[in-house]
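Beneath this line is the structure, given in structure tokens, with notes to follow.
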Amino acid sequence: MVDTSKIKALKEKSKKTIRPNPLKFVLVLLVVVIIGMLAFIVYNEISIMHFQEKIKLENQKKTAIESINQIFAKFPNDPQKLVYINKIQMADNVDDINKVLEEAKSYISFKNYKIETINQIKSIYGDYYSLSPYAQDLVHKISLAESPEEIKNLLKTADIERDLRNIIEKQINYALSSGDKYYYVEVGEKSQFMTRDEIIRYKNFWTLSELKSLKITPISQLNKVAIEISAKQCGKLPHKGDIVSIYSKDGSFITYAIIDSSYVIISSISYSESKSTSSNINELGDSYSSSSSSSISYSLNNIPGILHATVIDKLDYNKIKEMFGEYGKKLNEIEDDTQIFDENVNYFLIISIPDDKIPDIIKLNSKDITIVVKSK
């Protein structure tokens with residue numbers, strides 16, 4: 001028979017063992033709450049950090065975009081600018097942003113190098129650039145180059161000076177084809193009249209810089225100016241084709257010029273002389289003496305009228321030409337031989353001068369001009 005009392009005692013003992021402890025429960029609950037709070041705090045801190053990093057990244061993106069705008073300040077419409085801005089906006093970190101900025105700087109640096117190189121080539125050619133297919137092709141190749149090394153190789157093999165000299169030489173030959181005896185040549189700050197042969201000889205010695213500034217004008221294309229001066233201002237009458245230098249009264253140089261034609265201004269010619277004679281006669285011891293004097297005068301009035309009468313066939317052309325032909329030259333010769341100079345003679349000169357010197361001549365009083373004839 002089962003002892004019920006023992007079983008009942010065992011059950012009572014079991015009930016006592018599994019009875020919950022309130023303090024332990026509170027402690028467990030407290031630990032759970034603390035852990036939960038700590039987890040929340042950590043999560044919150046992490047969220048805040050992620051948010052701050054996101055804000056920081058966005059600010060760095062804005063700063064980087066501003067930098068892109070500054071980098072492309074000279075080229076605001078370059079389509080590559082938007083490409084770099086999009087890359088920055090899609091970047092996930094600062095390193096990616098910095099890489100984009102470096103790419104943009106390299107792109108602009110190379111683009112500036114291209115532009116500077118092209119501008120240098122155009123500057124070297126100056127006004128001759130449009131006449132050079134070689135230069136235009138070189139510029140086109142440089143514009144398509146993808147690296148500085150490629151541009152350097154193009155420049156290394158280019159012969160710009162020879163091409164430019166060939167173009168200028170063609171221009172020189174074209175200018176000389178006019179067949180004029182003299183040409184007005186401007187090289188840099190210097191200018192002078194030169195013959196065709198002189199120009200051909202000097203073109204091989206002029207530097208590239210001088211050749212680029214070279215300007216050749218046939219004298220037939222120069223304007224002509226008429227001036228009247230006295231023999232005292234000029235000396236001998238200059239003749240057609242003579243090169244002269246014109247100075248102002250204060251001695252400052254005005255311009256070179258070529259005599260197109262020259263004339264002696266005469267309205268009348270007068271000449272007079274006197275002659276006296278005497279004689280002694282001794283006859284049969286008586287002496288007789290006698291004397292006499294005579295004068296000769298010669299005048300030729302209205303010489304311009306004589307010339308006009310000849311033009312309308314009232315006087316013989318050949319006789320007039322024989323009488324007055326090379327009057328100025330003969331006057332110079334007789335003055336040299338006799339050392340007698342007629343300072344009252346006036347010359348009428350028609351000169352060929354450069355266009356830019358015409359105002360300088362016109363504003364001068366003709367009495368303040370001195371002309372020096374270049375020795376031949």
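Of note:
- Restricting segment 53-78 to residues that are assigned to a loop (DSSP other than H, G, I, E, B) and among the charged types (D, E, K, R), the residue that is most open to solvent (accessible area, probe 1.4 Å): K74
- Condition broken by K114, with the remaining ones in (1) over 30 Å from T207 (Cα atoms); (2) assigned to a helix (DSSP H, G or I) satisfied: (1)
- Residue match in segment 318-333 (condition: at pLDDT 85 or above, in contact with a Ser or Thr (Cβ under 8 Å, 6 or more places away or on another chain) and open to solvent by less than 80 Å² (accessible area, probe 1.4 Å)): yes
- Which numbered condition Y174 fails, given (1) in a helix (DSSP H, G or I); (2) surrounded by fewer than 17 Cβ atoms within 10 Å (Cβ to Cβ); (3) in the same structural domain as E58 (by the TED database): (3)
- Scanning segment 347-368 for residues that are closer than 26 Å to S268 by Cβ, open to solvent by less than 70 Å² (accessible area, probe 1.4 Å) and at pLDDT below 90 yields a single hit, S366.
- Filter result for L101 (part of a helix (DSSP H, G or I), within 23 Å of the chain's Cα centre (by Cα) and surrounded by 14 or more Cβ atoms within 10 Å (Cβ to Cβ)): no
- If the condition is being touching a helix residue (DSSP H, G or I) at 6+ places or on another chain (Cβ under 9 Å) and either open to solvent by 70 Å² or more (accessible area, probe 1.4 Å) or closer than 25 Å to K232 by Cβ (or both), then segment 303-314 contributes I303, L307, V311, K314.
- Checked across segment 128-138, the condition of being surrounded by fewer than 13 Cβ atoms within 10 Å (Cβ to Cβ), outside the structural domain of R196 (by the TED database) and closer than 30 Å to Q70 by Cα holds for no residue.
- Of all residues in segment 181-193, those satisfying the criterion of being crowded, with 18+ Cβ neighbours inside 10 Å and not β-branched (V, I, T) are Y182, Y183, Y184, F193.
- Some residue of segment 220-229 being farther than 30 Å from I350 by Cα and open to solvent by 90 Å² or more (accessible area, probe 1.4 Å): no
The values are calculated or read from the model by the stated rules, or taken from the named source; none is laboratory data. Just so it is clear, the model here is predicted, and its values are computed rather than measured. Methodologically, a virtual Cβ is constructed for each residue, glycine included, from the backbone with ideal geometry; neighbour enumeration extends over all protein chains shown. The area values use the complete protein model at the heavy-atom level, side chains included, leaving out ligands, DNA and RNA. Shrake-Rupley method; radii C 1.70, N 1.55, O 1.52, S 1.80 Å.
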